[in-house]
1. Which ones in segment 193-210 are without any contact (Cβ under 8 Å) to a residue 40 or more places away in the chain and under 16 Å from His236 (Cβ atoms)?
2. Could you please tell me which pairs satisfy a Cβ distance under 7 Å, a separation of 6+ or placement on different chains, a first residue in segment 108-133 that is crowded, with 16+ Cβ neighbours inside 10 Å, and a second residue that is charged (D, E, K, R) and part of a helix (DSSP H, G or I)?
3. Considering only residues that are polar (S, T, N, Q) and either part of a strand (DSSP E or B) or not assigned by TED's automatic domain parsing to the domain that holds Phe60 (or both), which ones fall in segment 86-144?
4. Could you say whether any residue in segment 117-135 is among the charged types (D, E, K, R) and closer than 30 Å to Arg274 by Cα?
5. From Ala164, Ala195, grab the single residue that is surrounded by fewer than 19 Cβ atoms within 10 Å (Cβ to Cβ) and assigned to a helix (DSSP H, G or I).
6. May I ask you to list the residues in segment 208-236 that are more than 23 Å from the chain's Cα centre (by Cα) and surrounded by 14 or more Cβ atoms within 10 Å (Cβ to Cβ)?
7. Considering Lys243, Lys290, which residue is over 21 Å from the mean Cα position of the chain (by Cα), among the basic types (Lys, Arg), assigned to a helix (DSSP H, G or I) and modelled with pLDDT under 85?
Amino acid sequence: MDEKNFKSGFAVLAGLPNAGKSTLLNNLAGGLLSAVTNKPQTTRQNILAIADGDDYQVVFVDTPGFLTAQYKLQQTMAACVDRAVGEEADLVLFMVDASADYALNAKLVEKLKTVYCPIFLVLNKTDLVKDSAVLDALEARVKQDLPIQQTFRICAATGDGTAALKEAVVAAMPTSPAYFPPGQWTDRWERFYAAEFIREQIFQLYKKEIPYSTYVEIETFTEDLGPKNYIRANIHVERESQKPILIGKGGAAIAELRKRAQKRVEEFLGRKYRLELNVVVSPDWRNSSKMLEKFGYIVRDER
């Protein structure tokens, strides 16, 4: 490694829920590292995806969708965004859904006005906007609010425009040694991703409040045992009434969840697993500092 010419740094993805941050992260990192669903607020914690090259290392940071916190879990999610854009970023990628109302970004824009690093504007879902004049007007409006250095028009779902974005991100990184060993994809353990992909399938299969009321806790995670590889996960819900919904009539719903989640986990980990799911009622866990800290969230006083 030629440290004099090596570039390394943190590129933070910031945007509203469903702006497409997790899809873009997976695209830029070349792997399925962040859970992706069609529901907002899927991501609850900052997730790092590391992209290496011969002369660079970019640590992409997927943050929870920016929102106004209504309970303690969402306070921890908002804190993740604060920490990433305020303390960790060498570059912020401000992701805007080009097909949505830009005015909804107002509070996030105010936060981004306080950052000291460069900001790239990433207009996503441009395939849904047929008139380029609409995109031109949107770009001009954002530039009135923020000191945008470069703008990229992409479709994260198809990868259109993302190669040029990645090239520009690499160029914007400071000269620095790598932060992580070559070939490391992420800073998270495999059991974290097992939980994330189980939760991803909960978001895919269930409606209304169920996905948002669940937390997946990996109780047992064994590996290197060949066909005996085993994961036991507890799915925490907030109310007794949610438990039968998650299980379904005759256990049909949770059986389908187990099948899909096991397939997803095996695809990611590259080995076979037997997955067991158990439903636990943990009353109002999203507002319990004790439970949130047990689950690994950083709890701080309400702002």
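1. Correct list: Ala195, Glu209, Ile210.
2. Between residues of segment 108-133 that are crowded, with 16+ Cβ neighbours inside 10 Å and residues that are charged (D, E, K, R) and part of a helix (DSSP H, G or I), the close pairs are Val109/Asp145; Leu121/Glu139; Leu123/Glu139.
3. Result: Asn124, single match.
4. No, because not a single residue in segment 117-135 is among the charged types (D, E, K, R) and closer than 30 Å to Arg274 by Cα.
5. The match here is Ala164.
6. Within segment 208-236, Glu223, Asn229, Tyr230, Arg232 meet the criteria.
7. Residue meeting the stated conditions: Lys290.
So that you can scan it fast, the table gives a plain yes or no per residue for (1) charged (D, E, K, R); (2) in contact with a Lys or Arg (Cβ under 8 Å, 6 or more places away or on another chain); (3) under 14 Å from Leu24 (Cβ atoms):
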{"residue": "Cys117", "(1), (2), (3)": "no, no, no"}
{"residue": "Phe120", "(1), (2), (3)": "no, no, yes"}
{"residue": "Asn124", "(1), (2), (3)": "no, no, yes"}
{"residue": "Val129", "(1), (2), (3)": "no, no, no"}
{"residue": "Ser132", "(1), (2), (3)": "no, no, no"}
{"residue": "Lys143", "(1), (2), (3)": "yes, no, no"}
{"residue": "Leu146", "(1), (2), (3)": "no, yes, no"}
{"residue": "Cys155", "(1), (2), (3)": "no, yes, yes"}
{"residue": "Gly161", "(1), (2), (3)": "no, yes, yes"}
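The values are calculated or read from the model by the stated rules, or taken from the named source; none is laboratory data. This is a predicted model, so every value here is computed, not measured. A quick note on method: Cβ atoms are made from the backbone with ideal geometry, for glycine too, and the neighbour counts reach across all protein chains shown.
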